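As structure tokens, the structure follows; a few thoughts come after it.
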Amino acid sequence: MNAPTNSRSMTDEMLDELLRLLAVWRVELGLFALPTGLGVWLYVRFGLFFAIAAPVALVTTVLCVGPLRRFLGRLLHRSSVRRHLEAAFHALPGVLSEKRPHIVKITRTTFGDRVELVLWRGTSIDDLVKAEAVLAASLGVRQVRCVANSAKRNLVSLTITRDDPFGVEALRCPLLHMQRTCLWDAVPVGVNEEGEIVTLSLPERNVLLGGEPGAGKSVALSLLVAAAALDPEVDLCLFDGKVVELSAWSACARVFVGHDVQLAITVLEELTVEMDDRYDELLRRGVRKVTRAEGLRLRVVVIDELALYVAGTDKKSAQRFAELLRDLVARGRAAGIIVLAATQKPSTDIVPSTLRDLFGFRWALRCATRDASDTVLGAGWASEGFSASNLNSARRGVGLLLHEGGVPVQLRAFHLNDDDVRALAERARQLRLGK
């Protein structure tokens, strides 16, 4: 009595597998069926010669005409990615094997592919994030990363990276070829996983940079300082806890502060007075914020080794500095004051959360732990698949940038060696002297 049931089940399984194979190979089968069907029809209507000549002419035309050949290549590539990805999903253990994500769109990138997915009920981005390493191994690629849509959690962008986008030892900075900049325009800061240049818009923004020693934090900060210095309409105020990191730009700065915390407090107090004066000026003009059209100069406050000033041995001075800086970060944006701050680990015991949380843009270089990464980027990003602890420590300058898009972008910062910094600083100095 059981034999028919088992036979029927086996037949159903074979039919399901056949239908699955037809589905995943549908593009190739369709491309094969088109000239084959044409040949059969011509053979029936006109004979053997036309049955052979017409399909050969069709295939030759497609292969010889550039746009058609490239279209066919894209079509076959997307089909191959879809087939391999569906096979990888099918091989996963657990719920994803039974409720495989629906592939909506496949876009080829410089170093791999970007796939848009829809998750079925009962699955989540967490399931995919946990399976990233398994998917990468199944596909035979360098890396697979999954990012959920911030508005609709069932929509996921899956990035497949085949080639190393950050394999070049040093990415030359575009600022080296620019005679001057305008800080109202976006600043090129690096290259993302798809080989595209990433830019950062600084007006009305404050940037916090963090990462372990040797991750490239100071070089990333120097990019932003260079962009500000090459605009002679920008005033620079530099705070350098190590004295040597920003010293090359001292000739371009209105003020340069080393490890003298009392002097740093005095400078911040002066900046606070200037900020209040600016708001009085904006009130007289009847506008709410500094814009390019207003003609007021931007002020860029750069703080390297922030921990020295806000977590020093003199607790009273450290607290005073933190209070002044918090006020500047909170109220300075509309007044045309931009704060760029860098530290190794902006944890609460070093940088007060009331100050840290005011920075809208975050740039996390390589971090030792997921918690340290979340300290820079903000709580929860590691669980979403964005952790600077996963970055290759051998790739200096690679980090995660949280800026306009609202989702961290993995990039490698442009490189500036000591000679580049000196050349740019001298160019900026000459600009500010009007030469």
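Each reported figure results from applying straightforward, stated rules to the coordinates on display, with no laboratory input. These numbers come from a predicted model, not from an experiment. Quick reminder, even Gly has a Cβ in these numbers, built from the backbone with ideal geometry, and neighbours come from all protein chains shown.
Points worth noting:
- Here the chain yields Rg over Rh of 1.13, to two decimals, using C-alpha coordinates and the Kirkwood radius.
- DSSP bridge orientation in the chain - percent antiparallel, rounded to nearest 5: 60 percent
- Cβ-Cβ FRET estimate between residue 134 and residue 233, R0 fixed at 56 Å, reported to 0.05: 0.60
- All-pairs Cα distance distribution in segment 153-259, expressed in whole percent, bin size 5 Å: 2, 9, 17, 21, 19, 14, 8, 4, 3, 2, 0
- Exposure proxy ranking, count of Cβ atoms within 10 Å, fewest first, for 61, 272, 375: 61, 272, 375
- Gaussian network model of the chain, Cα within-10 Å springs - most flexible of 388, 364, 264: 264
- Between residue 97 and residue 283, the distance separating the two model label sites (each 7 Å from Cα on the Cα→Cβ line) works out to 6.9 nm.
- Counting only alpha carbon atoms, the long axis of helix 66-91 and the longest principal axis of the chain meet at about 90°.
- Each principal axis of the Cα cloud of segment 279-424 was evaluated for its coordinate range; sorted largest first, these ranges are 52, 37, 36 Å.
- The length gained on full extension between residue 393 and residue 45, counted as 0.36 nm times the residue separation minus their Cα-Cα distance, comes to 118.5 nm.
- Between residue 61 and residue 383, the contour length at 0.36 nm per residue exceeds the alpha carbon distance by 110.9 nm.
- Just checking the listed ones, 368, 379, 33: in the Gaussian network model of the chain with Cα springs under 10 Å, the one fluctuating most is 33.
- Full extension of the chain segment joining residue 142 with residue 404 gains 91.6 nm, where the gain is 0.36 nm per residue of separation less the Cα-Cα distance.
- For segment 81-130, the extents of the C-alpha atoms along the principal axes are 32, 18, 17 Å, listed from largest to smallest.
- Comparing 402, 48, 175 in a Gaussian network model of the chain where C-alpha atoms under 10 Å apart are linked, the largest mean-square fluctuation is found at 48.
- Alpha-carbon centroids, segment 265-287 and segment 50-72: separation in whole Å: 70 Å
- Helix 217-229 axis, angle to the chain major axis (alpha carbon atoms, nearest 10°): 70 degrees
- Ellipticity estimate at 222 nm from DSSP helix runs (n ≥ 4, -39,500 (n - 2.57)) divided over the chain, nearest 500: -14000 deg cm²/dmol
- Positive-pole candidate from 237, 88, 259, dipole of the chain, charges at beta carbon: 88
- R0 of 41 Å, Cβ-Cβ distance residue 314-residue 251: FRET efficiency to nearest 0.05: 0.85
- Local electrostatic count at residue 361 - Lys and Arg +1, Asp and Glu -1, tallied over other residues with Cβ under 15 Å: +2
- Segment 47-81 residues near the modelled residue 34 label - backbone nitrogen below 12 Å, point 7 Å along Cα→Cβ: 58-63, 68-76
- Pairwise Cα distances in segment 174-432 exceed 32 Å in 17 percent of cases.
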